[in-house]
Amino acid sequence: MAPILEIQTLFKNYGSTEILKDINIAIEPGDFLVLVGPSGCGKSTLLNCIAGLEPITGGSLHIGGKDMTHVSPKDRDIAMVFQSYALYPTMSVAKNITFGMKVRGVDAATQDRKLAEVANQLQIEPLLQRRPGQLSGGQRQRVAMGRALVRDPKLFLFDEPLSNLDAKLRVEMRSEIKKLHQTLGATMVYVTHDQIEAMTLATKIVVMKGGVIQQIGTPAEIYNTPANLFVADFMGSPAMNLIPAKVMQNGGGARIEISRGQGGPIVLHDPKAEGLPEDVILGLRPEDIAEAGFRAGEGVQEAECLVDMVEPAGADTYVVSELGGKQITARMHAETSASAGSSLTFAFDLNKVSYFAPETGDRLN
Amino acid sequence: MMADLSLNQSASEANFGKIALRWLLYALLGLFALYYLLPLFVMVTTSLKSLEEIRTGSLVTLPREVTFDAWKTAWSGACTGIQCEGLRPYFWNSVLLAVPAVFLSTLIGALNGYVVAQWKFKGANLIFSLMLFGCFIPFQVVLLPMARMLGLMGIAGTIPGLIFVHVIYGIGFTTLFFRNYYVTIPSELVKAAKVDGANFFRIFWSIFLPLSLPIIVVTVIWQFTQIWNDFLFGVSFSQAGTQPITVALNNIVNSTTGVKEYNVDMAAAIIAALPTLFVYVVAGKYFIRGLTAGSVKG
Ligand SMILES: Nc1ncnc2c1ncn2[C@@H]1O[C@H](COP(=O)(O)OP(=O)(O)OP(=O)(O)O)[C@@H](O)[C@H]1O
Ligand SMILES: [Mg+2]
């Protein structure tokens, strides 16, 4: 099927500052694309460009197979939910939701029917006659969703719709949005700087930094094979351990040496490291470092390390040690015998290891 | 127990101090109010006295005999030069002048403010600065060029001519008021409406105007007071039949024929001031609200 949204070599400048550089994205029907990145990286700007609220400096933009590069927002067949919700303050909830249809000259009967549908779907029937000022944050969020849903567009755009909600409500609304996506089968572009939101909602994640796309992929791809140090560090909590290491080639594989706080370096063997340059950054997620005896199999290797800190976190306990001059975190089971100041044998699961070049940050394997 | 008592005592002392301070404050405020009200009192009482009584009595006594003759004369009989029709025709001149001029300058100011605040274009800031500059040009400077302008347009000496002058001169202020109000409205509102399919005027009409009551009131009061009380433009750009009330009032007070009718002068002055007073009383509370209105809570 043709992509619903296709962005080709999009550039966006404000005056002489480049905000977005060479953006290329394609979204299939039914995709849930999440744009994620640190504050100020251009996520909202990109969303505004897709919506047609900001003119683009270069490149092209197709929605539903049609060239929309110079088409005004109202003709792009999109609906958008804003970070501040942007509800019309003097209109009732019902009027807020039907305003778009009214402007487009949809007849009153259809308006009423669609309003009833959406109100039912979002369970906001009792609120319809209220003003936005008389609603709670979560209710406003629903109304903003309702205003988008009622339009039945080709593409939904969400700009951090949950960032104004408290933690509990955010989790609730997150699963509601996910459900909505599944029942509607709609195509969505969703901006967030919360990487957990990105992982749980997306079928496809775009990681951005400084107006440049760092990686596009499924949540699993982004999580397991980050394209560079930035993505590796940004996605996942606690973050991936990024440990400076030396690779020694020795014929049938490679030795990897990691300096330790005390004593000689740790030596690991990984055939995947063959052919890598001498200096690398080794990336291993906290859950890929376990207590010896709790993880076994091919690619799992053990080494003794000094435990610096033990942080119980309910179901897991995070054990902190120092390797390669960096603090590393291992995710261990709650009843671990680790205690601060004593040494413990760690099991490193090298099946999911990533190697990065220290200078460029690019992935090597 | 002792400590308790002394505590109570000092508390009541503090209380007493507070009350005393409060009364002092009221007394002071009362004094100020009196000071401001005294001229009005003199005007009202004088306007209700006969000429005879004014000559013989003191300025601050109440009228022995209340008479509305002076008011009648001021309204429909006093002489402004050779004509003796009172203020009535000029009052209507001022109404015909002020109402459209206030309406137009407010409307244009609202549109300008909306554009400058929410539809930024290249040079928007420059244009706004120039408009602000317009607020600070002294009236006297524009008199000659404006007279020439009105002549060229063929509306010199007419009420539409005066309306034109006041609208032009008012736009700077009205634009400033509306612009400052509209920049506090989140721009995402405009974006949302654009996505919903609304155009420039629809967004103004359906979203911005309904939000604007406080600032409209402020602007209307400001403009109405300015235009109604204006003397310089009125005297410069009007002819015999089109003079506004301020000019007529001046003519009544300054016409030198016969004895000085203080009661008529006072009555005329009050009549001339009544409409602005009325506007303040009716819309005053919105005025304060509008001046302090901050951001719009979604
Ligand atoms: N109108 C503008 N003029 C100039 N620069 C702008 C304008 N709007 C945004 N920028 C700049 O563009 C960059 C990207 O802004 P954008 O709002 O897209 O960031 P974001 O990724 O959405 O951040 P956040 O997560 O904080 O919302 C920022 O550096 C910002 O300063
Ligand atoms: Mg943003």
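For region B:76-173, what is the Kirkwood hydrodynamic radius in Å, using each pair of distinct C-alpha atoms? Could you put the intermediate results ahead of the total?
On the way: mean 1/r = 0.0641 Å⁻¹.
After inverting the pairwise mean of 1/r, the radius is 15.6 Å.
Taking trypsin sites (Lys or Arg not before Pro) as exposed when DSSP calls them loop (any state but H, G, I, E, B) and at most 14 other Cβ atoms lie within 10 Å, what is the longest stretch of chain B free of them, the sites themselves excluded? Kindly include the intermediate steps, with their values, before the conclusion.
Working: sites that count: B:Arg64, B:Lys120, B:Lys122, B:Lys260, B:Lys297.
My reading of the result: B:123-259 is the longest stretch.
Could you state the orientation-averaged shadow area of the convex hull built on the Cα atoms of region B:225-289, in nm² to one decimal?
Averaged projected hull area, Cα only: 5.5 nm².
Using Cα atoms only, what is the angle between the long axis of helix A:137-149 and the major principal axis of chain A, expressed in degrees (0 to 90) to the nearest 10?
Between helix and principal axis, roughly 70 degrees.
Treat each spin label as a single point 7 Å out from the Cα along the C-beta direction, and report the A:Ala340 to B:Ser12 distance in nm.
6.0
Taking square-rooted eigenvalues a ≥ b ≥ c of the alpha carbon gyration tensor, is region B:1-113 rounded, prolate or oblate, where a/c under 1.5 means rounded and, failing that, a/b exceeding b/c means prolate? Let's see the in-between values first.
Values: a/c = 6.36, a/b = 1.71, b/c = 3.72.
Note, shape of region B:1-113 comes out oblate.
Which of these, B:Met43, B:Met149, B:Met266, has the largest mean-square fluctuation under a Gaussian network model of chain B (Cα springs below 10 Å)?
Result: B:Met149 has the largest fluctuation of those listed.
Mind jotting down the distance between the C-alpha centroids of region B:186-236 and region B:100-156, whole Å?
Region B:100-156 and region B:186-236 have Cα centres spaced 14 Å from each other.
So what's the gap between the Cα centers of region B:21-42 and region A:309-365, to the nearest angstrom?
Between the Cα centres of region B:21-42 and region A:309-365 lies a distance of 78 Å.
Hey, could you pull the Cα Rg and Dmax for region B:82-121, both in Å?
Cα-based Rg and Dmax for region B:82-121 come out at 17.3, 55 Å.
Roughly what percent of Cα-Cα pairs across region B:140-267 reach past 20 Å? Mind showing how you got there, number by number?
Values: 4989 of 8128 pairs.
Across region B:140-267, Cα pairs with separations above 20 Å total 61 percent.
Using a simple spin-label model with points 7 Å from Cα along the Cα→Cβ vector, what separation in nm is obtained for B:Leu51 and A:Ser72?
Label-label distance for B:Leu51 and A:Ser72, simple model: 6.9 nm.
Across the Cα atoms of the protein assembly as shown, what radius of gyration and what greatest pairwise Cα-Cα distance (Dmax) are found, in Å?
Every Cα atom of the protein assembly as shown included, Rg and Dmax give 38.0, 128 Å.
Based on DSSP loop calls and a cut-off of at most 14 other Cβ atoms within 10 Å, the longest stretch of chain B free of exposed GluC sites (Glu not before Pro) is what?
Numbers: sites that count: B:Glu65, B:Glu85.
No qualifying site falls inside B:86-298, the longest such stretch.
Hydropathy at least -0.5 by Kyte-Doolittle, axial extent at least 18 angstrom from the Cα trace: which helices of chain B, defined as entire DSSP H runs, fit?
Within chain B the helices that satisfy the rule are B:2-47, B:88-118, B:139-153, B:159-182, B:213-229, B:262-292.
Measure nothing but the geometry: give the 0 to 90° angle between the long axis through the Cα atoms of A:93-103 and the longest principal axis through the Cα atoms of chain A, rounded to 10°.
70
Convert 10 °C to kelvin, take the viscosity as 1.306 mPa s, use the Kirkwood radius over C-alpha pairs of region A:219-365 as Rh, and evaluate the Stokes-Einstein diffusion coefficient in µm²/s, rounded to a whole number.
103
Compute the orientation-averaged projected area for region A:138-191 from the convex hull of its Cα atoms and round it to one decimal in nm². Write out the running numbers ahead of the final one.
On the way: hull surface 13.7 nm².
So the mean shadow area of the Cα hull is 3.4 nm².
How crowded by other chains is A:206-216, given as the mean number of beta carbons from other chains within 10 Å of each beta carbon?
On the way: counts 0, 0, 0, 0, 0, 0, 0, 0, 0, 0, 0.
The mean count of partner-chain Cβ atoms within 10 Å per residue comes to 0.
Per the Cauchy relation, a quarter of the hull surface: what is the mean projected area of the convex hull of the alpha carbons in chain A, in nm²?
Over all viewing directions, chain A projects a mean Cα-hull area of 22.2 nm².
So, taking all protein chains as they sit and a 1.4 Å probe, how much accessible area belongs to B:Tyr169, in Å² rounded to tens?
Here the accessible area works out near 30 Å².
Given a cut-off of 18 Å, name the pairs among A:Lys21/A:Lys178; A:Lys43/B:Lys191; A:Lys246/A:Lys272; B:Lys72/B:Lys260; A:Lys74/A:Lys209; A:Lys12/A:Lys66 whose C-alpha atoms lie farther apart than that in the structure shown. Intermediate values should be presented prior to the final figure.
Working: A:Lys21/A:Lys178 30 Å; A:Lys43/B:Lys191 16 Å; A:Lys246/A:Lys272 14 Å; B:Lys72/B:Lys260 16 Å; A:Lys74/A:Lys209 29 Å; A:Lys12/A:Lys66 20 Å.
Violating the 18 Å Cα-Cα cut-off are A:Lys21/A:Lys178; A:Lys74/A:Lys209; A:Lys12/A:Lys66.
So what is the calculated 222 nm ellipticity per residue for chain A, using -39500 (n - 2.57) for each DSSP H run with n of 4 or more, over all residues, to the nearest 500 deg cm²/dmol? If you can, show how the numbers build up before the last one.
Working: 8 runs with 85 residues, N = 365.
Taking each H run of at least 4 residues, the total per residue is -7000 deg cm²/dmol.
Once Rh is set to the Kirkwood radius over Cα pairs, what Stokes-Einstein translational diffusion coefficient, in µm²/s, holds for region A:11-98 at a temperature of 10 °C and a viscosity of 1.306 mPa s? Don't jump to the answer; show the numbers that get you there.
Values: Rh = 14.9 Å.
Calculated translational D: 107 µm²/s.
Taking every residue in B:196-204, how many Cβ atoms of other protein chains lie within 10 Å of its Cβ, on average?
Mean shielding by partner chains, rounded to a whole number: 5.
Using only Cα atoms, find the angle between the long axis of helix A:108-122 and the longest principal axis of chain A, and express it within 0 to 90 degrees, rounded to the nearest 10.
Here the helix axis deviates by roughly 30 degrees.
Run lengths n ≥ 4 of DSSP H only: what is the helix-derived mean residue ellipticity at 222 nm for chain B, with -39500 (n - 2.57) per run over all residues, to the nearest 500? Walk me through the intermediate numbers first.
Values: 13 runs with 218 residues, N = 298.
For chain B, the value works out to -24500 deg cm²/dmol.
So for B:Met153, A:Met199, A:Met145, what's the accessible-area order with a 1.4 Å probe, most first? Write out the running numbers ahead of the final one.
Numbers: B:Met153 90, A:Met199 55, A:Met145 5 Å².
Most to least solvent-accessible, the answer reads B:Met153, A:Met199, A:Met145.
How many Å² of accessible area per residue for chain B, probe 1.4 Å?
Numbers: 17010 Å² over 298 residues.
Averaged over the residues of chain B, the accessible area is 57 Å².
Using the 4.7 Å Cβ rule, please list in number order the cysteines from the protein assembly as shown without any candidate partner.
If one checks each Cβ against the other cysteines of the protein assembly as shown, A:Cys41, A:Cys49, A:Cys305, B:Cys135 turn up with nothing under 4.7 Å.
Over chain B, what lengths in whole Å, largest first, do the semi-axes of the equivalent ellipsoid take, defined as the square roots of 5 times the eigenvalues of the alpha-carbon gyration tensor?
For chain B, the semi-axes come out at 40, 39, 15 Å.
Given the options A:Asn351, A:Asn24, A:Asn250, which has the most mean-square fluctuation in a GNM of chain A, springs set between C-alpha atoms less than 10 angstrom apart?
Result: A:Asn250 has the largest fluctuation of those listed.
List the lysines whose alpha-carbon lies under 26 Å from that of B:Lys285, not counting same-chain residues fewer than 8 positions away?
Reachable lysines: B:Lys297.
Using a loss threshold of 50 Å², tell me which positions in region A:53-99 are less accessible in the complex than in their chain alone. Probe radius 1.4 Å, ligands and nucleic acids ignored.
Output list: A:Leu53, A:Phe82, A:Tyr88, A:Pro89, A:Thr90, A:Phe99.
The values are calculated or read from the model by the stated rules, or taken from the named source; none is laboratory data. Here the structure is a predicted model, which is why all the values come from computation and not from measurement. So basically every Cβ, Gly included, is an ideal-geometry build from the backbone, and we count neighbours across all protein chains shown. SASA here: full protein model, heavy atoms, side chains in, ligands and nucleic acids out. Shrake-Rupley method; radii C 1.70, N 1.55, O 1.52, S 1.80 Å.
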